[in-house]
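Engineer: I have a structure I would like to understand better, so I am pasting it below and will then ask my questions one at a time.
Just so it is clear, none of the values below were taken in a lab; they were calculated from the coordinates. Values in this document were obtained by computation on a predicted structure and should not be read as measured data. Because the Cβ atoms are built from the backbone with ideal geometry, glycine has one as well, and the counts that use them run over all protein chains shown.
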Amino acid sequence: MKILALGPKGTYGDEAAHRAADRMSILEPKIEITGIELCESHAEVFKRTVAERCLGVVPIENSSKGFVEETVRDFWLKQTHKPPVRVIGEVQLPVHHSLVMRSGILHNAKTPVMSHQQALDQCRENLRKIGLSNLLPIKSTALAGKLI
């Protein structure tokens, strides 16, 4: 059985999917994990999990911001997935954000900060304290790193 998660490779979703695969091999050895496929959105993870009858890994909550809005909206509120998707386990993943810039770049309030919306929300106050307020949400934190 495959596992779906938000990508690209190197994201927290990718890491959580690998941890889930390791955990499944211990807790449910009869279920063979055949691979991990990375999706472009949490909504795609939900849709494909139902359509392809596989496992999906999405964030539900985090310690600094609470519930993950996209997951709550797509999982509990929209209920677009029929038959219902249910939670079968939990993977805890420590998340540590870093602010990365090219050397020689001077930052000011107009300097864009790119990341996944959840990471921007988690770091908003710290970014404001150092004078960065131009926040640009993109598909993932890993993509932001590639763009730098």
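Engineer: Counting only residues 5 or more places away or on other chains, whose amide H sits under 5 Å from the amide H of Ser115 once H atoms are built in the peptide plane?
Structural biologist: HN-HN under 5 Å from Ser115: Leu136, Ile138.
Engineer: Please work out the FRET efficiency for the pair Arg124 and Glu69, using the Cβ-Cβ distance as r and a Förster radius of 22 Å; give the result to the nearest 0.05.
Structural biologist: Efficiency at R0 = 22 Å is approximately 0.95.
Engineer: Hey, can you grab everything whose amide H is under 5 Å from the amide H of Leu6? Only 5+ residues off in sequence or another chain; H modelled, so Pro and N-termini drop out.
Structural biologist: Cys39
Engineer: According to the Cα gyration tensor, what semi-axes, each the square root of 5 times an eigenvalue, does the equivalent ellipsoid of the range 5-59 have, listed from largest to smallest in whole Å?
Structural biologist: Largest first, the range 5-59 gives 18, 14, 8 Å.
Engineer: Using a cut-off of 12 Å between beta-carbons, work out the net charge of the residues near Leu132 (Lys and Arg +1, Asp and Glu -1, Leu132 not included). Could you put the intermediate results ahead of the total?
Structural biologist: Working: positive: Lys110, Arg124, Arg128, Lys129; negative: Glu125.
Here the count lands on +3.
Engineer: Placing one identical point scatterer on every Cα of the range 97-148 and ignoring solvent, what is log10 I(q)/I(0) from the Debye formula at q = 0.15, 0.24 Å⁻¹?
Structural biologist: Per q value, in the given order, log10 I(q)/I(0) is -0.35, -0.94.
Engineer: Output the antiparallel fraction of DSSP beta bridges having both residues in the chain, as a percent to the nearest 5.
Structural biologist: Working: 2 of 14 bridges.
About 15 percent, rounded to the nearest 5.
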